[in-house]
Structure formats: C-alpha cells, structure tokens
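The values are calculated or read from the model by the stated rules, or taken from the named source; none is laboratory data. All values derive from a computational prediction rather than experimental measurement. No Cβ is skipped: glycine too gets one built from the backbone with ideal geometry, and neighbour counts run over all protein chains shown. Remember, those area values only see protein heavy atoms, side chains included, never the ligands or the DNA or RNA. Shrake-Rupley method; radii C 1.70, N 1.55, O 1.52, S 1.80 Å.
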Amino acid sequence: MGVTALADGSVALAAPGVTVREEAGARILALSGRVDTPAAAALWPRLMEEARRPGPPLRLDLASVEAVDTTGATLLLTAAAAGARIEGASPGVTAVLDRVRDALAAPRPKLVPYRFSPLHGVGRRVVNGLAAGVEALAFLGELLFVALATLVRPGRLRGRELLRHLDEAGTRAFGLATLLGALLGVILAFQSAIPLRQFGAEIFVPSLVGISLLRELGPLMAGVVLAGRTGSAYAAELGTMTVNEEVAALRIMGIDPMALLVLPRVLAGMLVMPVLSLVLTLAGLVGMALIMRLLGFQMTTVAQQLVNFVSLKDLLGGLFKAAVFGLAIAFIGCRAGLGAGRGPRAVGDAATAAVVGGIVAIVLLDGAFAVLFERLGL
Amino acid sequence: MNEGTQPVPQGTRPLPDGRPAISDAPGPDTPAVIEARDLTARFGSNTLFRHVSFDVRRGEVFVILGGSGCGKSSLLKLMIGLVPPAEGRVGILGTDVWSTEGAARLALLKRLGVMWQQGALFGSQTLLENVEMPLAEHTRLPAAARAEVARAKLGLVGLSEAADRLPSEISGGMLKRAGIARALALDPPILFLDEPSAGLDPITSAGLDALIRDLSRSLGTTFVVVTHELASILAIGDRCIMLDKEAKGMIAEGDPRELRDHSTHPTVRSFFRREAA
C-alpha cells in the first residue's frame, strides 16, 4: 500500500479515509467514513502491521467513522487485541463493537492436538475392520432370517417391488451387456488368434474363447455391470433414505426395512445375474464367431469346436457363480446404503463402497469358486 | 449485550457532525430499499397470488405473514430473483432484479443475504468454512483475517464453540443460526430469512428474534422475514404484509400490533387471535 506525505506532515495510506499522525510521542491512526467489508479487507494487513509495531501503542481514532459493519468491527477489535487503543467511537459504532466483542470473546472449540501414532492407527483400523465384519455377518444373518420367514409365508414377499427391481437391474441392462459381451468376444478371439496362428492352432480359438466366457468372463463382466449400474444405485437410494431418516420411520411403523427394502433387491440381484451373464456370454460367442468368419472359418466348424470342447457343466457352473455374484453385489450395495452416515457426502461414500466392495467381492468369490470346482472335480 | 441498558432511541439521531446514523429506526419517510410492484406468481395454471405491491423501507424488519401454502416462500424467491414472477417487477436498492446481468447482478447479489428454510449449508464443510466461503469468494481479506471474521459471525449467532463441526453434526436450531451467520458473512444491507423460527423451541426462537432486532438496530440492516410464528411477528416486526390462499393476494399491510388490535378483516383477526377460521 502506498504512503503519501501530506502538507501538514501527516501521512495518508492509499486506502479510503486513513491518516496517521504523531502527537506527543503517540501514533494516532484516524479512520473516517464507513469501515465496511471491502474497506476492512483493504485495511487489514496495514492496520495489523501498525498495531503490532513496537514503540508507543497505536491509538485508533474513530471519531469520524460513520459506521462499521461486523467485519470492520472484527478488524478494529483484532487490532485492539494486538495492542491498539480504540477511542472516539460514536454510540452507534460502539454498539456494533460491543456486539462483536462479545461474539469474539465466546469460547472457541477446543483444539484436539493431533498425535502421530502409527501403532494406534493400525490397531484402530483392525478393530474397526473386525467390528465391520461382525456387523456384516449380523446383517447377513438378519437377511437370511427374513428370507426364511418369507419362504414359509411367500405372500409376504413384495412382488411388485421384486418385479420393479428385476426390470431396473435386468431388462434395462441387457443392451449394455450385449454390447460389452460382443466387444469382449471380438477382442478375445482376435487377440488369441494371433499367437495361436504361429502354431497353426487358430481352430482352437472357439473353444478357448467359449470356455473363458462361459466359466469366467461372462459372470465376472456381468458382475461388473451389475455393481456399476445397480449396486451403486441401491447404495445411493438406501443411503438417501437413511440420511432422511426414512428407514428409521419404516422401522417405527413396524415395517421391517429388511423385508421391504433389502430382500426384494437381493433377490432381484440373484435372479437377474444368471440371465445377464447368459446374455453377455451369448453376445460374446456371436462376436467370436464373427472374427472366425473373417479369418476364413466356416460357421459349422466353429459350432463343432464349441460342442466338442465346451460342456453344459461349464455353462451351469458359470450361471451358478453369476447368481452368487448377484447376491453378493446386491447385499453389499444394500448394506452400504443402510450403513450410511449423515450428510450429503455419506451417500457418495456409500455408492463408492458399494461398487468397490462389489467388484472386490466377486473377484474373491471367483477365486474361491476356482478352488472349490477343482476340488469337486467339476 | 448493551441493548438492554442503552435503548437506541426512535427517530432521527444525528451523529456529532450532523450526518444521520445508519442505526436510526425507520420512519414513514425512510427510503424504500425494495419495491415490489404488481407481483403475480403462478405454478403452471395454479395462481398463488396476484397483484401484490409493497415497499420495504431501509432498516426495518419487514414480515411476510400468512398460513401454510399461501405463497410466502415463493414471494421471497421472487424478491431475491431466484424465480421469475409471472407478472410485475421487483426493484432492490434501485435495481430491477430481473433486468440486471453480469457484474451489476453480482454487485446486487453481494448486497443480499439469504437464510434458507433448511439452512442450505454445505454439508461437506464445517460451519466456519461455510461462513468463510462468501468471504473468500467476494472479498480480498487475508486468509487469517477471514477465519477471524467468520468466527465473529458465528459468535454473533452464538455458535463459536461449534465452528469446527459439520452441518450434519448439529441440531436444527443451530442449523438455522448457522444459516444466518453465513447470510451475514458479507454484512449485506438486506437480509432475507425464510422461516427463521419454525420448529425451534421458544427460548432459541426468542434468542433469534433478539439477534434480528439487535442487528437491525445496531447495523441498520433491513430484514425481510417470512414467518407464521405469532410471538416472533409481534416481537420483531416493524411492518408486515399478509398473504391469503383464498384471496390469492395480499389482504393486509401495516404494523402487526395495529393489525392485531384494529383489523376488521376476518382472516387477519383469526390469524392474530389464533382462532380456527
């Protein structure tokens, strides 16, 4: 900020209505006009610097100040706290200063000192993780209980809800599943044809692609689609309901949210996944056949290869896995939603947890199935 | 607070050098800061109210009254330029709300503060950060000064201790007060409050009323308050208008205490006497 010497020896700062003068060894800073927010913003650094300067205390002369707003008052009081003395304020200005002085004097939040303690952090994570695991288990148990109760009295299942979720999670995802499946088939066939050609073994592309799609990629990719489209939607929807205390309202009305909200969604996820996986796999096989045709193979040869190497066991195993994946994804989505904290960020966190948790879960389950099928000789 | 021991006198109280102080109580010849002319609000084919005209004078607490669903909050949204009126115009501080754009509109918006019905605080920020946001956006205050100013505003509404909490961690009454603190951030000359005391306990509500009155007296802030809390209307209102669902328009204007004692309109009478219509 520029400083100009005036004719009478006083000094004016290049800010609205500020003059500094020396009087009997004391520095007096006189303000005039309105000390409002823009003026306070412009004055702040200079005034604080003046107030903190060693020597005789700064005197703030407010006699020609017309008005202060609360920001201006905060500036004046902060300067006063740094050693300046306020004088000459009009009653109107004094009233605002008093009000803001009280406001600033109110007790502040206690600072919790941050302590770096890796052991503590690791321990807390482990304990929290275990607690979350136990909670998830309890949630699963509750869900099983509700499912069994519904099995005994099927009339209690909300049919309309189930149909709505089957439509939203299933039929509306067929287009996406078809597109992804076809592209996957084309890519797999094309990429595997290149190394196999070196051995003249391109004829085995259909069996290779067929087995990978039916056993692994079909269910896995369908699972990724379901986790991205539906798991996140479940978490966001139930998370919003939790944040708005709708879930609590249901509970108090004597309606079990598990039966109304979770069971139809989990059932829908479980029923829809085998179909989704089948659609994706079939589209993949069509894509693969297209590439084989372009490589000069007859359709009958491709079909013969598939029949020879791919069995019904592969298909059924894949579909069974898909059903389990669907259950896991819908379960994780619902649990993330119902476990949401408060505030808008909670819903976003729940959706993230649903997608990440869902994808990690299906990969882990897939590994478990690989071991299981091997041991069972399937 | 010193308000109790040093009541601010009514009428013109000039400063030592003869200029009028901003904290003067408004009188009939105080200039209007908001002029509403012939306002009509519609939702589709449903007319909420029509031909509503009034002035809000500088420094007064202006209350918009009426039962639920009569369009109080919609009128507020028309006045701040959030929703376009079907007919009519609103002028704030001499500017037509709906014909300004760009820098002029921004300059107008900086002179308004709004406390929303549900607080509308940013959920991912602490209260202090909520109040700091307009300061960071629209002033050149240094960062440390900003925090200090934001603390002062939170202190004004009695929330100093909750400065580091998130909106999801505080109660409904605290949310409303935090909403006022954020509306106060830029010390706007005009503050709009949408149902500040709805759903609050009488003590908190009375505290809010005292705050509104103090700010109006000591800072000369003009308040436009939407409410249907009788106690609060009588405690803070300098002037009011009353909207009515049946009449689809304004049915009364004036000092709320006068209306209570002397109005002949049946709806106004039952409103102030808490009678079923």
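Quick notes
- Of the helices (runs of 4 or more DSSP H) lying entirely inside segment B:67-147, the ones with 2 or more residues being of a type outside the set (A, V, I, L, M, F, W, C) and touching a residue at least 60 places away in the same chain (Cβ under 8 Å) are found at B:72-79.
- Comparison of A:L47, A:L62, A:L31, A:L43 shows that the only residue that is open to solvent by less than 10 Å² (accessible area, probe 1.4 Å), of a type outside the set (F, W, Y) and away from chain B (no Cβ under 14 Å) is A:L31.
- Subset of segment A:82-103 that is more than 9 Å from every other protein chain (Cβ to nearest Cβ) and among the small types (G, A, S) - its residue that is farthest from the chain's Cα centre (by Cα): A:G88
- Within segment B:135-157, being under 22 Å from B:L112 (Cα atoms), open to solvent by 30 Å² or more (accessible area, probe 1.4 Å) and more than 7 Å from chain A (Cβ to nearest Cβ) holds for B:A136, B:E137, B:H138, B:R146.
- Scope segment A:107-121; condition more than 14 Å from chain B (Cβ to nearest Cβ) and either under 30 Å from B:L159 (Cβ atoms) or open to solvent by 90 Å² or more (accessible area, probe 1.4 Å) (or both); matching residues: A:R115, A:F116, A:L119, A:H120
To keep it simple, each residue is scored yes or no on (1) within 22 Å of B:V225 (Cβ to Cβ); (2) of a type in the set (S, T, Y).
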| residue | (1), (2) |
| --- | --- |
| B:T139 | no, yes |
| B:A145 | no, no |
| B:L166 | no, no |
| B:R182 | yes, no |
| B:A185 | yes, no |
| B:L208 | yes, no |
| B:I212 | yes, no |
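- Top-ranked residue in segment A:338-378 [being under 28 Å from A:D314 (Cβ atoms) and not in a helix (DSSP H, G or I); ranked as farthest from the other protein chains (Cβ to nearest Cβ)]: A:G377
- Cβ-Cβ contacts under 7 Å between residues 6 or more apart (or on different chains), taken from a first residue in segment A:297-309 that is without any contact (Cβ under 8 Å) to a residue 60 or more places away in the chain to a second residue that is surrounded by 14 or more Cβ atoms within 10 Å (Cβ to Cβ), are listed as A:M299/A:A289.
- The residue of segment B:159-181 that is farthest from the other protein chains (Cβ to nearest Cβ), among those that are under 18 Å from A:R99 (Cα atoms) and open to solvent by 50 Å² or more (accessible area, probe 1.4 Å), is B:R177.
- Some residue of segment A:156-171 being over 30 Å from A:M221 (Cα atoms), over 28 Å from the mean Cα position of the chain (by Cα) and modelled with pLDDT under 85: yes
- Those residues of segment A:123-158 which are open to solvent by 40 Å² or more (accessible area, probe 1.4 Å) and in contact with a helix residue (DSSP H, G or I) (Cβ under 9 Å, 6 or more places away or on another chain), in sequence order: A:E135, A:L140, A:E142, A:F145, A:R156, A:L157, A:R158
- Candidate set: segment A:292-306, residues that are farther than 12 Å from A:L208 by Cα and within 46 Å of the chain's Cα centre (by Cα); chosen: the one most open to solvent (accessible area, probe 1.4 Å): A:L294
- Within segment A:241-260, considering residues that are open to solvent by 60 Å² or more (accessible area, probe 1.4 Å) and assigned to a helix (DSSP H, G or I), the one farthest from A:K313 (Cα to Cα): A:I252
- Total residues in segment B:50-75, condition more than 19 Å from B:A86 (Cα to Cα) and touching a helix residue (DSSP H, G or I) at 6+ places or on another chain (Cβ under 8 Å): 8
- Residues of segment A:74-97 that turn out to be under 20 Å from A:A63 (Cβ atoms), out of contact with any Ser or Thr (no Cβ under 8 Å at 6 or more places or on another chain) and open to solvent by less than 30 Å² (accessible area, probe 1.4 Å), as a count: 8
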